[in-house]
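Asker: Mind having a look at this structure? Questions to follow.
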Amino acid sequence: MQLKIDTSKRVELVDITSQVQEEVRKSEIPEGICLISTRHTTAGIIINENETGLKDDIMDLLNRLVPASAGYRHDLLDNNADSHLRAVLLGASEGLPVSEGKLELGTWQRIFFAEMDGPRSRTVNVTLLRAERYKE
Amino acid sequence: MQLKIDTSKRVELVDITSQVQEEVRKSEIPEGICLISTRHTTAGIIINENETGLKDDIMDLLNRLVPASAGYRHDLLDNNADSHLRAVLLGASEGLPVSEGKLELGTWQRIFFAEMDGPRSRTVNVTLLRAERYKE
Amino acid sequence: MQLKIDTSKRVELVDITSQVQEEVRKSEIPEGICLISTRHTTAGIIINENETGLKDDIMDLLNRLVPASAGYRHDLLDNNADSHLRAVLLGASEGLPVSEGKLELGTWQRIFFAEMDGPRSRTVNVTLLRAERYKE
């Protein structure tokens, strides 16, 4: 399944947890894996806490590790090398278990689409796989 | 399945390879995928070599890229912004193949729970999925 | 399935997209997940754009965040601490959906084996799992 997301800023963390949970519910899979992956090379997937200050801290960190302009070669072609580089650090996919028909999330865990070159219309893939039960 | 881990330091790499391997064995799945994921927002999953000096190098790197205190906004709420930020860089999950009933690990690969805000009692999810055999 | 890759430089991004796509085709799985994982502790998996300048930018970034020599403890044992540390930042696995028998990749997405300590003969695992169709 694909989630459609419209971002509104150049760099933005969009909480997509409830949309992912809805896909898990629709799948009717009791136990398994949920893979969340981006179809873009200037965006990533993050699982962390949704707290306003922390979200700003994450964006500050990415800006400090990968400054917006630093003589990147890719900027001669397309002025978004920083967006690609930040996406490389974040990674393109995360997996989570499905248990008793629900996404197995810790108390503070939320799933974010990490927009690094918005605003744009974006796509996130949510893929559900069923596990067998086994002896424990 | 959930592994319970008691960490003993604020920042610590705990080798959980043998516990993950035991879950793979119990599953009796001959071929498939093993997803290892943390339920926490101040911890990550790393697959790398278990060598004492290297583990210290990894912790030094995280400390250099994300210093413990750097005027983070989240620290006004809860004094562990660095732990969250390091977790974002490490990622919350890794997947490995299962082959011939065993975790497919390279010679030097070990699985670590990367504690970034301990000591605490922690949970790691280990989820096993069976693959079909196909023509090769 | 295992891909065999011969790298030719110490640090190199090898585009393995077509080999991974061939494994997806051979599996004959219509819908599912493709897990790409390295068996090495001095290499990672990246999904991003294959553009010459950008690949150099990625290698420059890794060199800036993790300099080749910086008094690492692991270098006393084996002179490749930087390779391990860069691998930790990149991560050892990525997952992608399979849809209608093909790898579900965005327009610019390519899969790279990120060699951090070559030249060497390397192995990448490609594991395919079938998903059930469900009501949408």
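Asker: Would you please classify the overall shape of the range B:33-92 from the alpha carbon gyration tensor, given that a ≥ b ≥ c denote the square roots of the eigenvalues, rounded means a/c under 1.5, and beyond that prolate means a/b larger than b/c while oblate covers the rest?
Answerer: Cα axes put the range B:33-92 in the oblate bin.
Asker: Shape of the range B:1-75 from its Cα gyration tensor (a ≥ b ≥ c, root eigenvalues): rounded if a/c is under 1.5, otherwise prolate when a/b > b/c, or oblate?
Answerer: Prolate, because a/c is 1.5 or more and a/b exceeds b/c.
Asker: Which residue fluctuates most in the GNM of chain C (Cα springs below 10 Å): C:THR107, C:THR41, C:THR123?
Answerer: C:THR107
Asker: Also: Explain nothing, just the number: dipole magnitude of the range A:2-130 about its Cα centre with +1 on each Lys and Arg Cβ and -1 on each Asp and Glu Cβ, in debye rounded to the nearest 20.
Answerer: The dipole of the range A:2-130 has a size of about 340 debye.
Asker: What are the radius of gyration and Dmax of the protein assembly as shown, computed over its Cα atoms and given in Å?
Answerer: 19.5, 57
Asker: If I build a Gaussian network model for chain C, linking alpha-carbon pairs within less than 10 angstrom, which residue out of C:ASN63, C:ASN79, C:ASN125 has the largest mean-square fluctuation?
Answerer: With Cα springs under 10 Å in chain C, the top fluctuation among C:ASN63, C:ASN79, C:ASN125 is at C:ASN79.
Asker: Here is a follow-up. Evaluate peptide B:29-36: per residue, the Cβ atoms of other protein chains within 10 Å of its Cβ; return the mean as an integer.
Answerer: Taking all residues of B:29-36 together, the mean is 5.
Asker: For the range A:13-88, which GluC sites (Glu not before Pro) are in a loop by DSSP, counting at most 15 other Cβ atoms within 10 Å?
Answerer: A:GLU28
Asker: Could you tell me which trypsin sites (Lys or Arg not before Pro) in the range A:79-136 are loop residues by DSSP with no more than 15 other beta carbons within 10 angstrom of their beta carbon?
Answerer: Sites meeting the loop and neighbour criteria: A:ARG120, A:ARG133, A:LYS135.
Asker: Quick one: which residues, 5+ away or cross-chain, put their amide H under 5 Å from the amide H of B:ASN48? H built at 1.01 Å from N.
Answerer: The list, which skips near neighbours in sequence, is B:ARG110, B:PHE112.
Asker: Pairs to check: A:LYS26/B:LYS4; B:LYS55/C:LYS4; A:LYS26/C:LYS102. Give those whose C-alpha atoms are more than 26 Å from each other in this structure.
Answerer: A:LYS26/B:LYS4; B:LYS55/C:LYS4
Asker: While we're looking at this one, here's another question. With every protein chain left in place, what is the accessible area per residue of the protein assembly as shown in square angstrom, probe 1.4 Å?
Answerer: Ligands and nucleic acids excluded, the result is 40 Å² per residue.
Asker: Something else now. Which FRET efficiency value, to the nearest 0.05, is calculated for A:GLU22 and C:LYS102 with the Förster distance at 25 angstrom and r the Cβ-Cβ distance?
Answerer: Computed FRET efficiency for A:GLU22 and C:LYS102 comes out at 0.45.
Asker: For the range B:72-82, take each phi angle, set θ = phi - 60°, evaluate the Karplus expression 6.51 cos²θ - 1.76 cosθ + 1.60, and give the result in whole Hz per residue in order, putting x for glycine and proline.
Answerer: Listing the rounded values in order: 5, 5, 5, 5, 5, 9, 7, 7, 9, 4, 4 Hz.
Asker: Work out Dmax and Rg for the range C:90-136 from the C-alpha atoms and quote the Rg first, both in angstrom.
Answerer: Rg then Dmax for the range C:90-136, in Å: 14.5, 48.
Asker: Across peptide B:117-126, what mean number of C-beta atoms from other chains lies inside 10 Å of a residue's C-beta?
Answerer: Rounded to a whole number, the mean comes out at 1.
Asker: May I pose another question? Hey, what do the phi angles of the range A:29-39 turn into as Karplus ³J(HN,Hα) couplings, whole Hz, using 6.51/-1.76/1.60 and θ = phi - 60°, x for Gly and Pro?
Answerer: Values, residue by residue: 7, x, 9, x, 10, 10, 9, 10, 9, 8, 9 Hz.
Asker: Comparing B:ILE46, B:ILE58, B:ILE111, which has the greatest mean-square fluctuation in the GNM of chain B with Cα pairs linked when under 10 Å apart?
Answerer: Residue with maximal mean-square fluctuation among B:ILE46, B:ILE58, B:ILE111: B:ILE58.
Asker: Can you give the relative contact order of the range A:2-130 as a percent, counting alpha carbon pairs under 8 Å and 6+ residues apart?
Answerer: 56
Asker: Okay, next question. Given labels modelled 7 Å from the Cα in the Cβ direction, how far is it in nm from B:ASP78 to A:SER69?
Answerer: 3.8
The values are calculated or read from the model by the stated rules, or taken from the named source; none is laboratory data. Quick caveat: nothing in here was measured; it's all calculated off a predicted structure. Neighbour counts are summed over all protein chains in view; Cβ atoms, including those assigned to glycine, are modelled from backbone coordinates with ideal geometry. Heavy atoms of the whole protein, side chains included, go into the accessibility calculation; ligands, DNA and RNA do not. Shrake-Rupley method; radii C 1.70, N 1.55, O 1.52, S 1.80 Å.
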